[in-house]
Structure formats: C-alpha cells, structure tokens
1. With the full set of protein chains in place, find how many percent of the accessible area of the chain is carbon and sulfur; take the probe as 1.4 Å.
2. Over the Cα atoms of the range 45-122, how large are the radius of gyration and the largest Cα-Cα distance (Dmax), in Å?
3. Using the Cα gyration tensor of the range 167-212, with a ≥ b ≥ c the square roots of its eigenvalues, what is the shape: rounded (a/c below 1.5), prolate (a/b larger than b/c) or oblate (neither)?
4. Dividing the Cα radius of gyration by the Kirkwood radius, what Rg/Rh value follows for the range 135-194?
5. At 222 nm, what helix-only mean residue ellipticity would the chain give, in deg cm²/dmol to the nearest 500, using -39500 (n - 2.57) for each DSSP H run of four or more?
6. In Å², what does the accessible area per residue of the chain work out to with a 1.4 Å probe?
7. Just subtract the alpha-carbon distance of K196 and E84 from 0.36 nm times their residue separation and send over the number in nm, one decimal.
8. Please report, in whole Å, how far the alpha carbons of the chain spread along each principal axis, starting with the longest.
Amino acid sequence: MTYKQQVADRSGPLVVKALQKRGFDAYYCANREQAIEKALALVPAQDLLAWGGSATLDESGIKAAFLKRGNPVIDRDQAKTPDEKAALTRQALLCDTFLMSANAISADGQLVNIDGTGNRVAALCYGPKNVLVVAGFNKIVPTLDSALLRARHTAAPLNSMRFPSDHRPCYQTGQCADCLHPDTICAQIVLTRVCKPAGRIKVIIVGEDFGM
C-alpha cells in the first residue's frame, strides 16, 4: 500500500463523517472496484439515469457499469441536433438519479461545483429524485477557501481543455483569468453546504485520483 493510499484510507472516512453531519448519504471506497459496487447498490436497476459531463464517471468505470446493467438513460450525447440535445438536457432534470462528480469537497463536508451552462449544478440543487456524486481523493481539500480555489484554478482550466474555444482565456493560457467571455465555463459557482432534503444527495469518495 502506498503512502498516498494510507492517507486516503485515514482521511476519507473523516470526510464521510463530515458529509453525513450535513445530511448527505456518504461512503468511502478504497478503490474503483468498491466504488462501482457501492454505486450499483445505491441506485435501483430500474432508475432512469442522466449525467453531467464528468471525466470521473468515465475514468472510474461507474457510468459504464450502469450502462452494462441496463438502466434506462437520458443521454444528450446521442442527440442528432442542437435542439434535440437541449431538450434531452432539460429532460435530465426530471430523471430518477443524476450522476455527477464534484469539482472540490472541503474536509468539513461542503461541495463546490463550477458550471458553464448550469445543467449540472441545476440537477444537483433540484429536480432529480436523487443525485449520486462520485469524487476521487484528488478532489478533497482542507478548507472551503481551498475548495473554491481548486474549482476555479485547477478544475476549470483542465475542463476548459475538454471543450476547446480559441477565444477563451483559460484555454489559451491554462490559467483562470476571471473572464467574462461568452464561452466561459465558469458562469455558475455553487456551494452545497447542506443536503436538503437529507439523503437526496449521495456521495462516494474513492481513495484513488479521478477526473479534473
């Protein structure tokens, strides 16, 4: 076991307790295999699923596991036109379980997410019956201030590279410029400090690094 894994195995359960105090259903899994097993156990096989853009869901294999199991899905990436994609994105707000990650989670159990169009954070706040958040240990930071810094200055520039725009400052430089560009991916910054109603948001922290 690496020192990094030892740190995750000690710190992860403490963050879980902090999340639980704030009304989240929270779990620590040491690796992706445990995380996939826990995710499948938390979400019924008949639940209609949707998801926000997430490298974590892809890298961890969790999205693939749900697709393999056969859950019905709303997948905007299958849309043939921009109008169809917009319609599917709206439909996703009424799914049974919405899958996503977090840009940062503070050690005291607060989620920070940053979004361009707002569909991901909208689903987190209201709409779907349940939300499943899967976060690698690289998303855990000591304080709320450092969570905001991570979201803006680490996650956002990395995600900007996934959605190219030659005119977006962070795509050009790799650094946040606090821009007001029409293509900004930082239009909404949402802090979720309490899960309301309690238990609606389920958080799996994985003792491995995933995502941006």
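The values are calculated or read from the model by the stated rules, or taken from the named source; none is laboratory data. Predicted, not measured: the structure shown is a model, and the values here were computed from it. As a convention, Cβ positions derive from the backbone with ideal geometry for all residues, glycine included, and neighbour counts pool all protein chains shown. In case anyone asks, the SASA skips ligands and DNA or RNA and just uses the protein heavy atoms, side chains included. Shrake-Rupley method; radii C 1.70, N 1.55, O 1.52, S 1.80 Å.
1. So the carbon and sulfur contribution to the accessible surface is 55 percent.
2. 13.3, 43
3. Values: a/c = 4.12, a/b = 1.78, b/c = 2.32.
In terms of gyration-tensor shape, oblate.
4. Details: Rg = 12.2 Å, Rh = 12.3 Å.
We get a ratio of 0.99 for the range 135-194.
5. Values: 9 runs with 80 residues, N = 212.
So the helix-based figure for the chain works out to -10500 deg cm²/dmol.
6. Values: 10500 Å² over 212 residues.
Accessible surface, normalised per residue, equals 50 Å².
7. The span from K196 to E84 would gain 37.2 nm if fully extended.
8. Per principal axis, max minus min of the Cα coordinates gives 43, 39, 32 Å.
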